[in-house]
Amino acid sequence: MRKYDGVIFDLDGVICFTDHYHYLAWKALADSLGIDFDESKNDRLRGVSRMESLEIVLEGYHGTPLSDAKKTALADRKNALYRQSLQTMSPKDLSDEVRDTLNELRSRGLKLAIGSSSKNTPLILERIGLAGFFDAVSDGNNITRSKPDPQVFTMAAEMLRLPAEKCLVVEDALAGLQAAAAGGFASAGLGPAAQSGEATYSLHSFRDLLDIT
Ligand code: B16
Ligand code: MG
């Protein structure tokens, strides 16, 4: 009997790599506010929602207190810069390895979903040529609590009409692996998350998924 009937993929850091674009946009915002911001701080933003990311960036802010409206305006400014970068993406930003593995998983009869914190998920999927590909898309637009809360994955599983124990979550972020565990999902860790000890399976590469599904 098959171990999993569905796979729920995180987007940024798993299906494609927009983290450098996030970095450039946060860096530009931080510079304009006189805040120190580097790649290591950017790593703390993986899988974390936009407003929670802003709070992490603002840890280095020592100016006059910011109202909620001002914070929203700052997040909007960052997002506008980020979306400009996303416009440069194309189907070439989807690797052959990811495309071939997704197709192979589907041909094995597995249901495939996205479980991403990003509100820009629809735009990213369209840019990389995957709009309409997934059986379900759960993202920052349909959740009220972000990772490490399991809501984004629980809703993806519901959309697939599968119980958590029949779905495997694929993640690059610690917050995402914690979310998977909290929701009762097995997880496969890629990149930094693979070394955290939180993942059910640690993958060296995306195609390793074919060995555990
Ligand atoms: P947005 P994921 C996450 O995507 C990113 O890793 C994280 O850095 C970002 O802050 C978050 O999406 C929200 O993104 O500003 O586009 O709504 O890894 O969950 O696919
Ligand atoms: Mg991610």
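The values are calculated or read from the model by the stated rules, or taken from the named source; none is laboratory data. Here the structure is a predicted model, which means the values were calculated and not measured. Glycine gets a Cβ as well: all are built from the backbone with ideal geometry, and neighbour counts include every protein chain shown. The protein model used for the area step is the full one, side chains on, heavy atoms only, and it has no ligands, DNA or RNA in it. Shrake-Rupley method; radii C 1.70, N 1.55, O 1.52, S 1.80 Å.
Charge dipole of segment 153-213 (Cα centre as origin; +1 on each Lys and Arg Cβ, -1 on each Asp and Glu Cβ, all else neutral): 140 debye, rounded to the nearest 20.
Taken over segment 142-186, the percentage of Cα pairs per 5 Å bin, counting from 0 up to the bin with the maximum distance, is 5, 28, 35, 24, 7, 0.
Cross-link pairs exceeding 25 Å between alpha carbons, from the set K27/K70; K78/K111; K41/K166: K78/K111; K41/K166. GNM on the chain, alpha-carbon springs under 10 angstrom: the most fluctuating residue among T64, T101, T88 is T64. Taking the charge dipole of the chain about its Cα centre, with +1 at Lys and Arg Cβ atoms and -1 at Asp and Glu Cβ atoms, the residue from M159, F37, G60 reaching farthest to the positive side is M159. Structure remark: mean-square fluctuation, Gaussian network model of the chain, C-alpha springs under 10 Å; the largest value among E59, E126, E104 belongs to E59.
Projected onto their three principal axes, the Cα atoms of the chain cover extents of 60, 34, 29 Å, largest first. In terms of its C-alpha gyration tensor, segment 106-178 comes out oblate, because a/c is 1.5 or above while a/b does not outweigh b/c. Over the C-alpha atoms of segment 1-65, the Rg to Rh ratio, Rh being the Kirkwood estimate, stands at 1.17.
Positive-end ranking of P148, F134, Y201 along the dipole of segment 127-213, with charges on Cβ about the Cα centre, is headed by F134. Note on segment 21-96: Cα convex hull, mean projected area over all directions, 5.6 nm². Relative intensity of segment 69-124 on a log10 scale, I(q)/I(0) at q = 0.25 Å⁻¹, equals -1.09, per a Debye sum over C-alpha point scatterers of equal strength in the absence of solvent.
Place the peptides 107-118, 30-41 in order of packing, highest mean first, counting for every residue the other Cβ atoms within 10 Å and averaging per peptide. Write out the running numbers ahead of the final one.
Details: 107-118: 20.9, 30-41: 13.2.
For the peptides 107-118, 30-41, the packing ranking is 107-118, 30-41.
For segment 88-213, place one equal point scatterer on every Cα, skip the solvent, and apply the Debye formula. What is log10 of I(q)/I(0) at q = 0.14, 0.15, 0.18 Å⁻¹? Debye curve over Cα of segment 88-213, log10 I(q)/I(0) at q = 0.14, 0.15, 0.18 Å⁻¹: -0.58, -0.68, -1.02.
Summarise the accessible area of the chain (1.4 Å probe, protein heavy atoms) by the percent that is carbon and sulfur. That share works out to 50 percent. Counting pairs of Cα atoms in segment 48-91, how many percent are more than 14 Å apart? I get 57 percent for the Cα pairs in segment 48-91 exceeding 14 Å.
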